[in-house]
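Bear in mind that the values in this text are calculations on the coordinates, not laboratory data. Everything numeric here is computed off the predicted structure, so don't read it as measured data. Because the Cβ atoms are built from the backbone with ideal geometry, glycine has one as well, and the counts that use them run over all protein chains shown.
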Amino acid sequence: MVPAVIPMLLLMIPAMLTALSVVREKELGSIINLYVTPVTRSEFLLGKQMPYILLAMLNFALLTLLAVTVFGVPVKGSLLALTAGALLFVTFSTGFGLFASTFTRSQIAAMFVTIIGTIIPAIQFSGMLNPVSSLEGVGHVIGQFYPAAHFLTITRGVFNKALGFAGLEASFWPLALAVPVILALSILLLKKQER
C-alpha cells in the first residue's frame, strides 16, 4: 500500500494547489493583469505551474524518504526511473489543476472539480484497490488511460519488483502523452478576456 499512496498524494495535493492559485486570481480580480499584458495564455499557465511542480517534487522526495525510513519499504529498482515517472506525473497533476481552474470561478468549485477528478479515479480505477485488468466497462477504459494507473505501475514496479526504465517503458508512454494533452486543454480553455 505504501507505493500506492504516493501516486494518490502526488495527484490530489499538487492539482488542488495549482487550481486554487489561478482561481484565487479570478476571485481577487488580479487576473486582469493577464488581460492587459502581452503575456500569452501558455506563458501565464506555465508560469503558474512551475513552482507547484517544484513543490510536488519536494513532496515526492519526502514521501519516498518516508516510505524507506518510517515504513521500511526499500527502493529495489531504479530511483532515476521513479523520479522521472514522478516528474511526468506531477506535471500532469498540476496540469489537471490548471485545467480545473480554467472553467471554475470560485475556489470551492475548483477544489470540488479537482477532488472529483483526482481522488475517485485514483482510488477506484487506477489499480490501487483492484487491478485494472479486473475492471469492466467504463471503469476499465478509465483505468487504461488515466495517468494515475500508469504511475502506480511505476511506483510498485520500482519499490516491489526492482524494475527500471526497460521494464516500465509501457507505463512511461501514457504519462508522457497525458502531459501535453492536459496542458493543451488548459491553454485552449483559458480565456484571454472574461465576458
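Computed about its Cα centre, the charge dipole of the chain is approximately 220 debye, with only Lys, Arg, Asp and Glu carrying charge at their Cβ. When the helix-only estimate is applied to the chain (DSSP H runs of n ≥ 4, each -39,500 (n - 2.57), divided by the residue count), what is the mean residue ellipticity at 222 nm, nearest 500 deg cm²/dmol? That comes out to -26500 deg cm²/dmol. Scaled against the 2.2 N^0.38 Å expected of a compact globular protein of N residues, the Cα radius of gyration of the chain reads 1.05. Modelled spin labels at His140 and Val39, positioned 7 Å past Cα toward Cβ, are 4.6 nm from each other. In this structure, the amide hydrogen of Val73, modeled 1.01 Å from its nitrogen in the peptide plane, lies closer than 5 angstrom to those of Val68, counting only residues at least 5 positions away or on a different chain.
Using the charge dipole of segment 2-189 (Lys, Arg: +1 at Cβ; Asp, Glu: -1 at Cβ; taken about the Cα centre), state which of Leu28, Ser134, Ala184 has its Cα farthest towards the positive end. Farthest towards the positive pole: Leu28.
Full extension of the chain between Val68 and Val5 yields a length gain of 21.3 nm, computed as 0.36 nm times the residue separation minus the alpha carbon distance.
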